[in-house]
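All remarks here apply to the structure that follows.
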Amino acid sequence: MPVLLAPPEAPLLPELLREANVVGLDCEIAAFHEPMPRIRGLGSLLHAGETEISFLANPKLADQLAQCRAAAVILTPEAWQTLSDTPPTWHVVLCSQPYLMYALLAQWFDRHRIANLPTGIHPSAVIHESARIEAGVSIGPHCVIEAGAVIAAGTRLGPACIVGAGSVIGADSLLHARVTLYHGVHIGARSILHSGVVLGADGFGFAPMPGEQAGAWAKIAQIGGLVIGDDVEIGANTTVDRGALDDTRIGNGVKLDNQIMVAHNVVIGDHTAMAACVGVAGSTQIGSRCTIGGASMISGHLVLADDVHVSGGTAITSNVSKPGRYTGVFPFGEHRDWQRNAAVLPQLAQLRRRLRRLEDAGPAAGQAKDS
Amino acid sequence: MPVLLAPPEAPLLPELLREANVVGLDCEIAAFHEPMPRIRGLGSLLHAGETEISFLANPKLADQLAQCRAAAVILTPEAWQTLSDTPPTWHVVLCSQPYLMYALLAQWFDRHRIANLPTGIHPSAVIHESARIEAGVSIGPHCVIEAGAVIAAGTRLGPACIVGAGSVIGADSLLHARVTLYHGVHIGARSILHSGVVLGADGFGFAPMPGEQAGAWAKIAQIGGLVIGDDVEIGANTTVDRGALDDTRIGNGVKLDNQIMVAHNVVIGDHTAMAACVGVAGSTQIGSRCTIGGASMISGHLVLADDVHVSGGTAITSNVSKPGRYTGVFPFGEHRDWQRNAAVLPQLAQLRRRLRRLEDAGPAAGQAKDS
Amino acid sequence: MPVLLAPPEAPLLPELLREANVVGLDCEIAAFHEPMPRIRGLGSLLHAGETEISFLANPKLADQLAQCRAAAVILTPEAWQTLSDTPPTWHVVLCSQPYLMYALLAQWFDRHRIANLPTGIHPSAVIHESARIEAGVSIGPHCVIEAGAVIAAGTRLGPACIVGAGSVIGADSLLHARVTLYHGVHIGARSILHSGVVLGADGFGFAPMPGEQAGAWAKIAQIGGLVIGDDVEIGANTTVDRGALDDTRIGNGVKLDNQIMVAHNVVIGDHTAMAACVGVAGSTQIGSRCTIGGASMISGHLVLADDVHVSGGTAITSNVSKPGRYTGVFPFGEHRDWQRNAAVLPQLAQLRRRLRRLEDAGPAAGQAKDS
């Protein structure tokens, strides 16, 4: 259930449009009845209620307008002209970019919610005397800020966040509840970290023990750091390990979804986005503006160029030097069909040999084969 | 090591059977020696100790009865009759459904353990004055309950749970330690949430920036909710995101294992069960009574019918409209064999063309080919 | 950014080498200028600064020595002899095993950091009166130690760890911030547990409900334990479930990376190592000294022998009785190529039939086919 503003907090429609439209989109109310409604929330065409605003961004959904009960709907002048003459029950807001206007409205409602959260430093937080807490920082209940940590101005920590010794969080960042930074982790300004995120845990580094202890593992202490740029968002329960010796590095504007694992010494370029459940093994370098589909796996010690796009569920096991889209997913099917076909896979090399032999022997030899 | 009751707490065998058997199974002690034992725990045939009760549900394990040291064993009258004449050292409990009786006993021991946990509201919990805490609620140390949250009667929160503003937890639920609910999350009655669960984090929604900032991403604020039904269990470190605009919705009786990721706007029907490490991408609808095998991946914007069963490790990349079992897993093998066969995969389309050419050219043309 | 010691804490080079070299490697300073430097940290050849020590372990990196700005470099006498006559700016440390010496130095710096962490029991920790806290234990802010738990001597708990009722942690272990142990979990000495780890949550056990409630699930209460050996390391956000009835068991020296899921009743042999994002389904037994590559999936109720090595991204779906390396990964490629080739997979069995028919019909029949 989407969260609605209480009526006294809800802005009048023109007020909301003016405040949300921080980029100066063309946006005009073609109102046809008084009084102006107060808008308590934002909803889709099918689900917006009588105190909410909605939008038509995808022309395929125009049919839904007939059932829409919203107080107001944003749509393009073109879409508006194609509609029937019956005046709608909702206020008409004309805008050349309804999807962008929706994004601005959603941001407005979320900013409004955040602005109403408690501020200040909760007395149950445990803050080391050597930590530097700048102006306008909010720290929730049961947070722990260790020695020498720095929380820059305007940053907000939800309940139970832990900031390890010497870690630094840039200005105007938002840490939701229960984010964990180990020691010596640096993250830039305007970052958003979700619950359960763990930044700077030890990378997985072990050397085989020699001699009598063969079979056992010696830990390689992980003494590198973790440096994350500005405007980075990291989803719930994602983990990014510290470097073994040099730093793990994540560029500006990188977006990581939930439950991603980034191993030690990985380098990720600016504005690369990864969907949930991706794993990136140690020391791999991923370029800028890449997109990595959900549940993909990138092996260690690889280099992926800028503008590489990996489909979901794909295992990248060698370097990718050319921009483009890459895929490697076993197609699913009904179980019995899959069984029949999968049974042939262990014979593929043999099948190829048999085909070649036929080609060499057959009447069409020299003509049929092309490799 | 299974947890055992201290001797004074341990019930006599008849008492235990009576209290556990809440569904009225036929269940009778064919005792052959006094005194009645006190039962401190429940164990498998091979590992149950002299103060524990065990059971024979799978006839293949009947051989293990000879070595069983348990105080009592539950088995069917039929299994009992096929055993040798030597009287066993254990008390005999005859029951037509030993596996169900085992489940009831396990529930009894777990209920007993939970009933002995500390109750009340720990003074270190931080509870907003506007939150509603109903009768019989227990709240562990270092919990945080934010403004307007509701915890219904009989619900128990382990240590360090966080319930965001306006979230609602139904009656008689059990939150283990360290569960995180963002704001505006609703979960029904009798739910069980395990440690590290994060409910209601932002979905992964970004729009490409236009113009000079091309390459960067604009956040789509996620202002939808998350609504979860009754009798739902969610495993450790699983994450379920809130909706972008409408709600993410999980039906009644759904069971999610550990480390599952459910993205924004997903809808899951009643009684669907998912094994660990599954990922479900945004806006996908999964029917009722489905089972999804471990480590499967369901792409976004799909519809899966009711009663669809997906094998572990399968990537579902298109709609599934027919009930049944679906699979798509690359068969593993010895590394060298795999290498040889996998090398042919990038030539499959070409192999098919070559085969077709042979069919067209060969003496059996017109007869051999069937597609 | 790697963490550097403050100058007064930084040891002189000979002092550092002596203290770090706990195994008595041959290690000699071939110094050529005074004064001896104080060493504040350890870095790679390219990134070590003027107060850091570096090492040359891989001969392929010898070219980097020319640009190295480190205070000192460890290398073999052989590597040293092949270098040019120009005296380097760095102090020369000769050692027959530079990589092992690096590991020892990294351990020294990490031990030094840990030794400077706060000790004692933080007043905000909530510790049950029946818990046993042995000598030299440190417990961070907001920890919760429940009834009957035991924390053995010398163990350190970071902030916000939770140790459930009756759980036992062996001596000299290190729990980073926010580790969760359910009740009745045993872990041995010298273990290292990273943030977000959840040990002993319920396994995923449900039985289909009979009769009128068909389609719904009955919970099988998970009353087994979880027993973990000595010298085990478990990475961030990894989960290991308790047994249904018997215990889940993890051997000595096992190393688990981040975001691994080990299900109920799994048994893992000594010194087995698993990379990140692996899932092991219920009741599977994995031998000793195995290595499991990242994002692999092991099905339930299997037996894997000792010394089995599974490549990353592989689904193991049947028993593996022979040591060796096993793989099953769909090779990735450019999306269009993949599409073309993947489309043939549902026809593989048919392709084999067609090939067989050609072999039977063709002039080379009897000679061409080999299966």
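The values are calculated or read from the model by the stated rules, or taken from the named source; none is laboratory data. All values derive from a computational prediction rather than experimental measurement. All Cβ positions, glycine included, derive from the backbone under ideal geometry; neighbour counts span all protein chains shown. Please note that ligands, DNA and RNA were not included when accessible areas were found on the heavy atoms of the full protein model with its side chains. Shrake-Rupley method; radii C 1.70, N 1.55, O 1.52, S 1.80 Å.
Can you tell me which residues in the stretch A:156-171 are aliphatic (A, V, I, L, M) and open to solvent by 10 Å² or more (accessible area, probe 1.4 Å)?
We begin by selecting, within the stretch A:156-171, every residue aliphatic (A, V, I, L, M); these are A:157, A:160, A:162-163, A:165, A:168-169, A:171.
Passing the criteria: A:Ala160, A:Ala165, A:Val168, A:Ala171.
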Residue list for the stretch B:86-133, filter: surrounded by fewer than 19 Cβ atoms within 10 Å (Cβ to Cβ), over 28 Å from the mean Cα position of the chain (by Cα) and not aliphatic (A, V, I, L, M): B:Thr86, B:Pro87, B:Pro88, B:Thr89, B:Gly120, B:His122, B:Pro123, B:His128, B:Glu129, B:Ser130, B:Arg132
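Residues of the stretch B:179-195 being closer than 16 Å to B:Ala160 by Cα, open to solvent by 10 Å² or more (accessible area, probe 1.4 Å) and part of a loop (DSSP other than H, G, I, E, B), which ones? First the steps, then the outcome.
Taking the stretch B:179-195 first, the residues closer than 16 Å to B:Ala160 by Cα are B:179-182, B:192-195.
Right, trim to open to solvent by 10 Å² or more (accessible area, probe 1.4 Å) and you get B:182, B:192.
The one that is closer than 16 Å to B:Ala160 by Cα, open to solvent by 10 Å² or more (accessible area, probe 1.4 Å) and part of a loop (DSSP other than H, G, I, E, B): B:Tyr182.
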Number of positions in the stretch A:275-290 that are touching a residue at least 24 places away in the same chain (Cβ under 8 Å) and among the hydroxyl-bearing types (Ser, Thr, Tyr): 1
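Within the bounds of the stretch C:321-333, is there any residue that is of a type in the set (Gly, Ala, Ser) and in contact with an Asp or Glu (Cβ under 7 Å, 6 or more places away or on another chain)? Break it down stepwise before answering.
The initial filter retains those residues of the stretch C:321-333 that are of a type in the set (Gly, Ala, Ser), namely C:321, C:324, C:328, C:333.
Filter again for in contact with an Asp or Glu (Cβ under 7 Å, 6 or more places away or on another chain), leaving C:324.
There is at least one residue in the stretch C:321-333 that is of a type in the set (Gly, Ala, Ser) and in contact with an Asp or Glu (Cβ under 7 Å, 6 or more places away or on another chain).
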Which numbered condition B:Ala72 misses (of (1) touching a strand residue (DSSP E or B) at 6+ places or on another chain (Cβ under 9 Å); (2) farther than 23 Å from C:Gly205 by Cα; (3) surrounded by fewer than 21 Cβ atoms within 10 Å (Cβ to Cβ)): (3)
Residue that is farthest from the other protein chains (Cβ to nearest Cβ), among those in the stretch C:146-158 that are more than 23 Å from A:Ile127 (Cβ to Cβ) and in a strand (DSSP E or B): C:Ile151
Residues satisfying the stated conditions in the stretch C:21-40, i.e. surrounded by 13 or more Cβ atoms within 10 Å (Cβ to Cβ), closer than 24 Å to C:Glu78 by Cα and either among the β-branched types (Val, Ile, Thr) or at pLDDT 95 or above (or both): C:Ile29
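Please find, among A:Leu61, A:Leu25, A:Leu17, A:Leu65, the residue that is assigned by TED's automatic domain parsing to the domain that holds A:Phe109, assigned to a loop (DSSP other than H, G, I, E, B) and on the phi < 0 side of the Ramachandran plot.
Answer to the selection: A:Leu25.
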Filter pass, C:Ser138 being touching a Phe, Trp or Tyr at 6+ places or on another chain (Cβ under 8 Å) and polar (S, T, N, Q): no
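Mind telling me which of the residues C:Thr272, C:Thr248 ends up being touching a residue at least 40 places away in the same chain (Cβ under 8 Å) and surrounded by 24 or more Cβ atoms within 10 Å (Cβ to Cβ)? Let's see the steps before the verdict.
Values: C:Thr272 fails: touching a residue at least 40 places away in the same chain (Cβ under 8 Å).
Sole residue among the options that is touching a residue at least 40 places away in the same chain (Cβ under 8 Å) and surrounded by 24 or more Cβ atoms within 10 Å (Cβ to Cβ): C:Thr248.
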Every residue from the stretch B:342-360 that is basic (Lys, Arg) and touching a helix residue (DSSP H, G or I) at 6+ places or on another chain (Cβ under 7 Å): B:Arg352, B:Arg354
Failed item in (1) modelled with pLDDT under 95; (2) open to solvent by 10 Å² or more (accessible area, probe 1.4 Å); (3) not polar (S, T, N, Q), with A:Gly43 passing the rest: (2)
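Can you name the residue in the stretch B:321-340 that is surrounded by fewer than 21 Cβ atoms within 10 Å (Cβ to Cβ) and more than 9 Å from chain C (Cβ to nearest Cβ) and is also farthest from A:Glu334 (Cα to Cα) among such residues?
Quick first cut of the stretch B:321-340, residues surrounded by fewer than 21 Cβ atoms within 10 Å (Cβ to Cβ) only: B:321-325, B:331, B:333-337, B:339-340.
Remaining after also requiring more than 9 Å from chain C (Cβ to nearest Cβ): B:321-325, B:340.
Values: B:Ser321: 12, B:Lys322: 10, B:Pro323: 10, B:Gly324: 7, B:Arg325: 6, B:Arg340: 27 Å.
So the residue we want is B:Arg340.
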In the stretch B:266-287, residue farthest from C:Thr239 (Cα to Cα) [restricted to those that are out of contact with any strand residue (DSSP E or B) (no Cβ under 7 Å at 6 or more places or on another chain) and away from chain C (no Cβ under 14 Å)]: B:Ser283
Residue in the stretch A:148-162 that is touching a helix residue (DSSP H, G or I) at 6+ places or on another chain (Cβ under 9 Å), at pLDDT 95 or above and under 28 Å from C:Ser44 (Cα atoms) present: no
Residue tally, condition in contact (Cβ under 8 Å) with a residue 60 or more places away in the chain and either more than 10 Å from chain C (Cβ to nearest Cβ) or in contact with a helix residue (DSSP H, G or I) (Cβ under 6 Å, 6 or more places away or on another chain) (or both), over the stretch A:177-222: 2
Yes/no for C:His142 being within 9 Å of another protein chain (Cβ to nearest Cβ) and open to solvent by 40 Å² or more (accessible area, probe 1.4 Å): no
Selection within the stretch C:288-301 - closer than 15 Å to C:Val278 by Cα and more than 7 Å from every other protein chain (Cβ to nearest Cβ): C:Cys290, C:Thr291, C:Ile292, C:Gly293, C:Ser296, C:Ile298, C:Gly300
Extreme residue, nearest to B:Ser96 (Cα to Cα), among residues of the stretch B:51-67 that are open to solvent by 70 Å² or more (accessible area, probe 1.4 Å) and more than 29 Å from the chain's Cα centre (by Cα): B:Asp63
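For the stretch B:76-115, which positions are free of Cβ contacts under 8 Å to residues at least 12 places away in the same chain and within 14 Å of chain C (Cβ to nearest Cβ)?
Correct list: B:Ala103, B:Asp110, B:Arg111, B:Ala115.
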Members of the stretch C:302-320 found to be more than 9 Å from every other protein chain (Cβ to nearest Cβ), surrounded by fewer than 17 Cβ atoms within 10 Å (Cβ to Cβ) and within 15 Å of C:Val280 (Cβ to Cβ), listed by number: C:Val303, C:Asn319
